[in-house]
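Engineer: Mind looking over this structure? Questions follow.
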Amino acid sequence: MAGIALWITGLPGSGKSTVSDAVKQKHSDFVILRMDELRKVATPAPTYSQTERDILYRCLVFMAKTLTELGHDVIIDATGNMRKWRELARKLIPRYVEVYLKCSVAVCMEREKRRFDTHAAPEDIYEKGKKGWPVPGMAAPYEEPLNPELTVDTETVSVEDAVKLVQKAIDKVR
């Protein structure tokens, strides 16, 4: 049977890696695909151009598709700021769950300042965004999901409760 792909999407600092890691603790068989780690290998000197992002996100979707076809469960830990990438995953991966971590830019900026483990994410991303870098939610668009399987307001919902909600979403596709 094909595996499940959870795409945990949201602005930088919304809690994607924290929630991904917490889900992985409950489900050790899940493979986490992190965009920031892929980018470090595929584009060691990233430009964050639209073309570069298109290529990297399509690669991320292909990896998730391939792993789920092999029976692995996957967490995609990636902002995925354009809907078209998440829609591609939905089209190609039969057991797909989109989890949107909703959080204001202001709260994400505060979290990013306090974060000690960036999981290969660029440091000071919002400071760079203030200088014109294409940061989703600032100088680059973040297209909120239209119909995610789950939306979690990470300003009010704890990580533990978010994981319980994700578990319910997983149970629906199993």
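Engineer: For Tyr96, indicate whether it is in contact (Cβ under 8 Å) with a residue 40 or more places away in the chain, surrounded by 15 or more Cβ atoms within 10 Å (Cβ to Cβ) and within 14 Å of Ala2 (Cβ to Cβ).
Structural biologist: Judged against the criteria, Tyr96 is a match.
Engineer: Being in contact with a helix residue (DSSP H, G or I) (Cβ under 8 Å, 6 or more places away or on another chain), within 22 Å of Val74 (Cα to Cα) and part of a loop (DSSP other than H, G, I, E, B) is the filter here; which residues of region 147-174 pass it?
Structural biologist: Glu149, Thr154
Engineer: Return the residue satisfying two criteria in turn: it lies in region 126-146 and is assigned to a loop (DSSP other than H, G, I, E, B) and among the aromatic types (Phe, Trp, Tyr), and of such residues it is farthest from Val74 (Cα to Cα).
Structural biologist: In this case the residue turns out to be Trp133.
Engineer: Next question, about the same structure. Any idea how many residues of region 51-78 are β-branched (Val, Ile, Thr) and without any contact (Cβ under 8 Å) to a residue 60 or more places away in the chain?
Structural biologist: 4
Engineer: Considering only residues that are of a type in the set (Lys, Arg) and buried (at least 20 other Cβ atoms within 10 Å of the Cβ), look in region 33-64 and name the one that is modelled with the highest pLDDT. First the steps, then the outcome.
Structural biologist: So the first thing to find is which residues in region 33-64 are of a type in the set (Lys, Arg), and the list is 34, 39-40, 53, 58.
Now narrow it down to the ones that are buried (at least 20 other Cβ atoms within 10 Å of the Cβ): 39, 53.
Numbers: Arg39: 93, Arg53: 96.
Per the criteria, the residue is Arg53.
Engineer: Report the residue count in region 109-141 for those that are more than 24 Å from Glu52 (Cα to Cα) and at pLDDT 90 or above.
Structural biologist: 3
Engineer: For region 11-38, enumerate the residues that are in contact (Cβ under 8 Å) with a residue 60 or more places away in the chain, within 16 Å of Leu60 (Cα to Cα) and touching a helix residue (DSSP H, G or I) at 6+ places or on another chain (Cβ under 8 Å).
Structural biologist: Passing the criteria: only Arg34.
Engineer: I need the full set of residues from region 41-80 which are over 22 Å from Lys24 (Cα atoms) and either in contact with a Ser or Thr (Cβ under 8 Å, 6 or more places away or on another chain) or basic (Lys, Arg) (or both), in order please.
Structural biologist: Within region 41-80, Glu52, Arg53, Leu56, Arg58 meet the criteria.
Engineer: Oh, and also: Just to be sure, is Val99 part of a strand (DSSP E or B) and either at pLDDT below 95 or hydrophobic (A, V, I, L, M, F, W, C) (or both)?
Structural biologist: Answer is yes for this residue.
Engineer: Here is a follow-up. Within region 12-42, which residues are among the hydroxyl-bearing types (Ser, Thr, Tyr), farther than 19 Å from Met109 by Cα and part of a helix (DSSP H, G or I)?
Structural biologist: Ser20
The values are calculated or read from the model by the stated rules, or taken from the named source; none is laboratory data. Just so it is clear, the structure is predicted and the values come from calculations on it, not from any experiment. Heads up, the Cβs are rebuilt from the backbone with ideal geometry, glycines too, and the neighbour counts pull from every protein chain shown.
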